[in-house]
Amino acid sequence: MARGILLEHLTWIEAESVLKADTIVVIPLGAATKEHGPHLKLNNDFQIAEFLKEHVLEHEDVVMAPTVSYCYYPAFVEYPGSVSLDLDTAADTIFQICSSFARFGPQRFYVINTGVSTLKPLLIAAQRLKELKVLLHYTDLEEKIAPAANRVKEQEGGSHADEIETSLMLVIAPESVNMEKAVKDFDQIGKGPLTRTRSAVGTYSPTGIWGDASLATPQKGQAVVKSLVSGVLEDIRLLRQMPLPTAQNEQNLG
């Protein structure tokens, strides 16, 4: 039986009874339109967010907000179907969601973050929310999966639609993975956003992969999933105990 509550399934009257000062509101964040090579779907990150959402609902007493499917993904905009908000819009979106909920009581928020570039707008939003005495924490995806990824990975490098992310999806949603199209595409020379044009500034990737997806296995994915799920749950448990921020003007008075 789930411990958490899906907000979208409530009436406003029911919502009023659960949105209290000590409530933790969790906001899943995962792109539904972002390239992940020829072997993974555009909604890859959305699927990860939904998977983690279910685990949080099962184990933690939280209120779960609807999943946010657009954010800041500037490294992938050359690939058809990929959508990115600009940095300010992405940060303001998270800020507005949290500040809207905060009007009804909640002061602690956690974003199930399934991206890397999304750390920038989340940090900006968290800093702005401190002025409202609201605490926002979020998943550092690379940090959470690193212990397991470093144990199991064989690729020489990579971080997108690669061995590790593909292994993760072979556990979370194997039906969405086409291993026949999983290849190695790893440009070690380029820096910056992925690009389909060899002569352009950035990291050349004709497939949209950066790493070696062909090395992915469900066994590797199991280790990564375990590390990620336990990391997210631990983040939320720590958030419950953390003191709320003090508004800057009050700090200055001290």
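If you check residue 144 against the conditions, is it crowded, with 17+ Cβ neighbours inside 10 Å, among the charged types (D, E, K, R) and not in a helix (DSSP H, G or I)? Answer is no for this residue. Please find, among 34, 20, 53, the residue that is among the charged types (D, E, K, R), assigned to a loop (DSSP other than H, G, I, E, B) and buried (at least 19 other Cβ atoms within 10 Å of the Cβ). On inspection, the qualifying residue turns out to be 34. Filtered by the rule that a residue be more than 21 Å from residue 92 (Cβ to Cβ) and touching a strand residue (DSSP E or B) at 6+ places or on another chain (Cβ under 7 Å), segment 109-160 gives 141, 155, 157, 158, 159, 160. Number of residues in segment 108-134 that are buried (at least 21 other Cβ atoms within 10 Å of the Cβ), outside any loop (DSSP other than H, G, I, E, B) and either under 9 Å from the mean Cα position of the chain (by Cα) or not hydroxyl-bearing (Ser, Thr, Tyr) (or both) equals 9. For first residues located in segment 179-197 and without any contact (Cβ under 8 Å) to a residue 40 or more places away in the chain, partners that are in a loop (DSSP other than H, G, I, E, B) and among the polar types (S, T, N, Q) and lie 6+ apart or on another chain with Cβ distances below 7 Å form the pairs 187/205.
Flag: residue 220 matches the condition of being over 19 Å from residue 73 (Cβ atoms), surrounded by 14 or more Cβ atoms within 10 Å (Cβ to Cβ), of a type in the set (D, E, K, R) and out of contact with any strand residue (DSSP E or B) (no Cβ under 8 Å at 6 or more places or on another chain).
Computed from the coordinates by the stated procedures, all read-outs in this text should not be read as laboratory data. The structure presented is a predicted model; accordingly, all values stated were derived computationally and were not measured. Cβ coordinates were reconstructed from backbone atoms using ideal geometry, including for glycine residues, and neighbour counts include every protein chain displayed.
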